[in-house]
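K.L.:
Here's a structure for you.
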Amino acid sequence: ETKRNCFPRFYFCSDGVLLEILSQGSDPHAIVQHLQNVFDSLAALSFDKQKKNTAVTMVANDKEEVRFSTPLNLGGNVEDYLGDLVNQMQETLHDICRECGAECEGMSCEEIVEKFPAQVGIMAIQFQWTNETEDALKRARQDKSSLHGSNKKALAVLNELIGMTVIDKWNKLERTNIETLITIQVHQKDVSEELAKKEVKD
């Protein structure tokens, strides 16, 4: 219970699994097999070739890999370095999200899929659509065609994504990401179309 209080995610583990984790805690490589007992979608870590206990990449269940912003040395008590792992995962995703927010405007869908992890890619096209829609709404009183123009842009993005599905260069993971982006963009296109039909002014 003391270990669970130090690292509450241990409450997800059975007593047997927790005892095994604690007994192997001095070897981070041995702990990797237990990560899915502790995290929802973290399947593995990859380690630096020279610094064997330094994790450099997190690997999801679907094999998507995200490189840590700062390599993480896994040393000391297992509950402590797993806590550090949680913090580093959060910091890394914060960094990627900030980068996405700063760069996604003007990026093509292809560039988004190639550069960002799947969930951040979704955020990128939502940023783009939200900025475009807000701008159209601000101009709607003076420019009656602004929302229709915004709807056309949403359709163009959707068609770009659909066109990407016939390109052979994508691997299975990237193709799944593109299909997910299409689903999101269909919804965004429907909202844009509805705004244009209702001639919303603000």
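The values are calculated or read from the model by the stated rules, or taken from the named source; none is laboratory data. Computed from a predicted model, the values in this text were never measured in an experiment. Calculation scope for accessible area: heavy atoms of the full protein, side chains included, ligands and nucleic acids excluded. Shrake-Rupley method; radii C 1.70, N 1.55, O 1.52, S 1.80 Å.
K.L.:
Accessible area, 1.4 Å probe, largest first: how do Val38, Val186 sort?
P.N.:
Val186, Val38
K.L.:
Next question, about the same structure. Give a residue-ordered list of calculated ³J(HN,Hα) values for region 105-111 (Karplus: 6.51 cos²θ - 1.76 cosθ + 1.60, θ = phi - 60°; whole Hz; x for Gly, Pro).
P.N.:
3J(HN,Hα) across region 105-111, in whole Hz: 5, x, 6, 6, 4, 5, 5.
K.L.:
Right, next: By the gyration tensor of its Cα atoms, with a ≥ b ≥ c the square roots of the eigenvalues, what is the shape of region 98-154: rounded for a/c under 1.5, prolate for a/b over b/c, or oblate?
P.N.:
Prolate is the answer for region 98-154, as a/c is 1.5 or above and a/b outweighs b/c.
K.L.:
Sticking with this one: Could you tell me which of rounded, prolate or oblate describes region 1-56, using a ≥ b ≥ c as the square roots of the eigenvalues of the alpha-carbon gyration tensor, with rounded for a/c under 1.5 and, failing that, prolate when a/b is larger than b/c and oblate otherwise?
P.N.:
prolate
K.L.:
While we're looking at this one, here's another question. Quick check: at a probe of 1.4 Å, how many percent of the accessible area of region 128-189 sits on carbon and sulfur atoms? Spell out each step's value before the answer.
P.N.:
Working: 2130 of 3760 Å².
Percent of accessible area from carbon and sulfur atoms in region 128-189: 57.
K.L.:
Pulled fully out, how much extra length does the chain show between Asp40 and Glu134, if you take 0.36 nm times their separation in residues and subtract their Cα-Cα distance?
P.N.:
Residue separation times 0.36 nm, minus the Cα-Cα distance, leaves 30.3 nm.
K.L.:
Using amide H atoms built in the peptide plane, which far-off residues or other-chain residues are under 5 Å from Leu42 H to H?
P.N.:
Long-range HN contacts for Leu42: none found.
K.L.:
Which whole-angstrom value gives the distance between the alpha carbon centres of region 1-65 and region 109-166?
P.N.:
38 Å
K.L.:
Which three extents, in angstrom, do the Cα atoms of region 140-202 have along their principal axes, listed largest first?
P.N.:
45, 15, 13
K.L.:
Given bins 5 angstrom wide, list per bin the percent of all Cα-Cα distances in the chain, short to long.
P.N.:
Answer for the chain: a P(r) of 1, 7, 13, 14, 13, 11, 10, 9, 8, 6, 4, 3, 1, 0 percent.
K.L.:
Stretch Lys152-Leu22 to full length: gain in nm at 0.36 nm per residue minus the Cα-Cα span?
P.N.:
Full extension from Lys152 to Leu22 adds 41.1 nm.
K.L.:
Amide H to amide H, which residues 5 or more places from Thr57 or on other chains are under 5 Å from it, using H placed in the peptide plane?
P.N.:
Those lying under 5 Å, H to H, from Thr57 are Ser46, Phe68.
K.L.:
Could you derive backbone 3J(HN,Hα) for region 28-34 from the dihedral phi with the Karplus parameters 6.51, -1.76 and 1.60 (θ = phi - 60°), listing whole Hz in sequence and x where the residue is Gly or Pro?
P.N.:
Result, ordered by residue: x, 5, 6, 6, 3, 5, 9 Hz.
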